[in-house]
Amino acid sequence: MPAPVSPLPSPASHAVEDAQPERTVSGPGHRLRLTLLMAGACLPILGAVLIAPVLPQMQDHFADVPGVDALVPVALTIPALSLALLAPFAGVLVDRLGRRRLLVVATVVYAILGTAPLWLDSLVAVVASRALVGVAEAAIMTCCTTLLGDYYSGRQRDRYLAMQTMCASISATVFFVLGGAAGSAGWRMPFWAYAVSLLLAPAMAAFLPRPRPDGLAGEPSPAVREPVTERPFPWRPLAGTCALTVFGSVLFYTVQVEMAFLLDDMGVSDSAVIGLASAGSSAAIVIGAVVFTRAGRRPQDWLPTAFGLCTLGFAVIWLAPDPVVLTLGAVINCLGGGIMLPSLLTLAMSQLDYADRGRGTGLWTGSFFLGQFICPLVVLALASAVGTRANALGVFAAAGAAATVALALAARRRRTEAAPRPLRKTAA
């Protein structure tokens, strides 16, 4: 399991953020732009959950294919692996080719590749198309997040990055229900939903303005450009943030992935009851993101609280005597996750200038989805070592407690260094 390494930057690392005054953006164009970016950021979530309800049907359809038991689950998870591996490279393309152009192209490619299983008769070809969907998702996610950083600043940007978390959590529930309903007409039917991106692509091309380094998107560029002072890419602070993000992503996804198995281990097999418990924990993620946006605290100050809540939730699940207490622990854990995700994302954004925002966002996105991909593998390895899934979450509780203490000490040291020192009195 990745360990957090120097996750918090020094106060000097916020020079870029503090040097630029915050501009509040409003108006009809702003609302349309925000809607398009939120919709685009939900597309990778669609790819992650939409076909989950039809996996048994896929397995029955390709029952004669060697290795079907492994290939069908891989068809669900491989886009996350592609996204994790390729998002950093997508970030390089974002900085070199431009955010809006790459976003429009990737959105069209996403529709083509996403609907490919409608016509493919080979399971291997279906899995390959899903891997390529992850490539398009890497570009889409990186572009949408980068454009949010370009268009907005300060607390407004923090609110919209947190809104991205809320939209992703809500859309996951909607897409799961949509996939289940469409799956009643056959395992191929949910793949039609990928075609919705063909409606988004022309709207993005028409209504997303070209961003500018000074944050005034869509306004005419000055006739004479002011010289831009180049700064080195912030590898060191961003590496710490990305390492913490991998670890945080594992904590973020563990309960969501393992909830049904944990309840089943306690004798709860009713899918309606499991769905209700999962919905309650998903709602807690949204509440956590709302708390982050409303409280007005800096992301570094939120991290000890976020990791502490995740740790407490794991401890409650580990010691839970019945499904009700287990569900309570899941809610506590997901509340912390809802605070953690926007905190880590806004922390990464605060370290990036316009010229390197694409690369930085790509690295952060890849780190987050890498944690998502390895999460079930880590749980499986720990469960085999300590006996049960519940005990594995006890190990997570211990690891989360260590991270919480380290983050709290780092936050305290940062406040001490930032506090004004009293002036010495000179002898008369």
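May I ask you to say which residue of Ile170, Ile140 is β-branched (Val, Ile, Thr), touching a helix residue (DSSP H, G or I) at 6+ places or on another chain (Cβ under 6 Å), at negative phi and assigned to a helix (DSSP H, G or I)?
Ile140
For the range 221-257, what are the residues that are at pLDDT below 90, under 20 Å from Gly338 (Cα atoms) and surrounded by fewer than 19 Cβ atoms within 10 Å (Cβ to Cβ)?
If the condition is that a residue be at pLDDT below 90, under 20 Å from Gly338 (Cα atoms) and surrounded by fewer than 19 Cβ atoms within 10 Å (Cβ to Cβ), then Val257 is the only one that fits.
Working only within the range 38-66, note down all residues that are at pLDDT below 85 and among the small types (Gly, Ala, Ser).
Scanning the range 38-66 gives Gly47, Ala48, Ala52.
In the range 292-307, how many are crowded, with 19+ Cβ neighbours inside 10 Å and of a type outside the set (Val, Ile, Thr)?
Total meeting the criteria: 8.
Please go through the range 45-65 and give me each residue that is farther than 17 Å from Ala80 by Cβ and of a type outside the set (D, E, K, R), ordered by number. Explain how you work it out, then say what you get.
Taking the range 45-65 as the starting set, the residues that turn out to be farther than 17 Å from Ala80 by Cβ are 53-54, 56-65.
Of everything in the range 45-65, those that are farther than 17 Å from Ala80 by Cβ and of a type outside the set (D, E, K, R) turn out to be Pro53, Val54, Pro56, Gln57, Met58, Gln59, His61, Phe62, Ala63, Val65.
Only one residue in Asp150, Asp95 is more than 26 Å from Asp301 (Cβ to Cβ) and of a type in the set (Asp, Glu), so which one is that?
On the way: Asp150 fails: more than 26 Å from Asp301 (Cβ to Cβ).
Sole residue among the options that is more than 26 Å from Asp301 (Cβ to Cβ) and of a type in the set (Asp, Glu): Asp95.
Looking at this structure, is Val133 of a type outside the set (Ser, Thr, Tyr), closer than 25 Å to Ala63 by Cβ and in contact with a Phe, Trp or Tyr (Cβ under 9 Å, 6 or more places away or on another chain)? Steps first, please.
On the way: of a type outside the set (Ser, Thr, Tyr): yes; closer than 25 Å to Ala63 by Cβ: yes; in contact with a Phe, Trp or Tyr (Cβ under 9 Å, 6 or more places away or on another chain): yes.
Yes: the conditions hold for Val133.
Among what's in the range 58-87 and is surrounded by fewer than 18 Cβ atoms within 10 Å (Cβ to Cβ) and among the β-branched types (Val, Ile, Thr), pick the residue that is farthest from the chain's Cα centre (by Cα).
Per the criteria, the residue is Val65.
Keeping to the range 155-189, report how many residues are over 20 Å from the mean Cα position of the chain (by Cα) and surrounded by fewer than 20 Cβ atoms within 10 Å (Cβ to Cβ). If you could, list the steps in order and put the result at the bottom.
As a first pass, look at the range 155-189 and keep what is over 20 Å from the mean Cα position of the chain (by Cα): 177-189.
Now narrow it down to the ones that are surrounded by fewer than 20 Cβ atoms within 10 Å (Cβ to Cβ): 177-178, 180-181, 184-186, 189.
The total comes to 8.
Out of all the residues in the range 195-220, which are of a type in the set (D, E, K, R) and at pLDDT 70 or above? Give the derivation first.
If we filter the range 195-220 for residues that are of a type in the set (D, E, K, R), which is where we start, we get 210, 212, 214, 219.
If the condition is that a residue be of a type in the set (D, E, K, R) and at pLDDT 70 or above, then Arg210 is the only one that fits.
Pull up the range 260-314, narrow it to residues that are of a type in the set (Asp, Glu) and over 20 Å from the mean Cα position of the chain (by Cα), then point me to the one that is modelled with the highest pLDDT.
To start, the set of residues in the range 260-314 that are of a type in the set (Asp, Glu) comprises 264-265, 270, 301.
In the following step, the residues that additionally are over 20 Å from the mean Cα position of the chain (by Cα) were identified as 264-265, 270.
Working: Asp264: 80, Asp265: 85, Asp270: 72.
Going through the qualifying residues, I end up with Asp265.
If I filter the range 99-125 down to residues being outside any helix (DSSP H, G or I) and touching a helix residue (DSSP H, G or I) at 6+ places or on another chain (Cβ under 9 Å), which single residue comes out as surrounded by the fewest Cβ atoms within 10 Å (Cβ to Cβ)?
Ser122
Mind telling me which of the residues Ala279, Ala284, Ala315, Ala289 ends up being among the hydrophobic types (A, V, I, L, M, F, W, C), assigned to a helix (DSSP H, G or I), surrounded by fewer than 17 Cβ atoms within 10 Å (Cβ to Cβ) and touching a residue at least 40 places away in the same chain (Cβ under 8 Å)?
Values: Ala284 fails: surrounded by fewer than 17 Cβ atoms within 10 Å (Cβ to Cβ); Ala315 fails: surrounded by fewer than 17 Cβ atoms within 10 Å (Cβ to Cβ); Ala289 fails: surrounded by fewer than 17 Cβ atoms within 10 Å (Cβ to Cβ).
The conditions single out Ala279.
What is the one condition in (1) surrounded by 22 or more Cβ atoms within 10 Å (Cβ to Cβ); (2) in a helix (DSSP H, G or I); (3) not acidic (Asp, Glu) that Leu352 does not satisfy?
Among (1) surrounded by 22 or more Cβ atoms within 10 Å (Cβ to Cβ); (2) in a helix (DSSP H, G or I); (3) not acidic (Asp, Glu), the lone unmet condition for Leu352 is (2).
Out of all the residues in the range 183-204, which are in a helix (DSSP H, G or I) and over 17 Å from Glu137 (Cα atoms)? Step through it out loud before you land on a result.
Taking the range 183-204 and keeping what is in a helix (DSSP H, G or I), we get 183, 189-204.
Hits for the range 183-204 are Gly183, Met189, Pro190, Pro202, Ala203.
The values are calculated or read from the model by the stated rules, or taken from the named source; none is laboratory data. If you're wondering where the values come from, they're calculated on a predicted model, not measured in any experiment. Cβ sites come from the backbone with ideal geometry, for glycine too, and all protein chains shown count toward neighbours.
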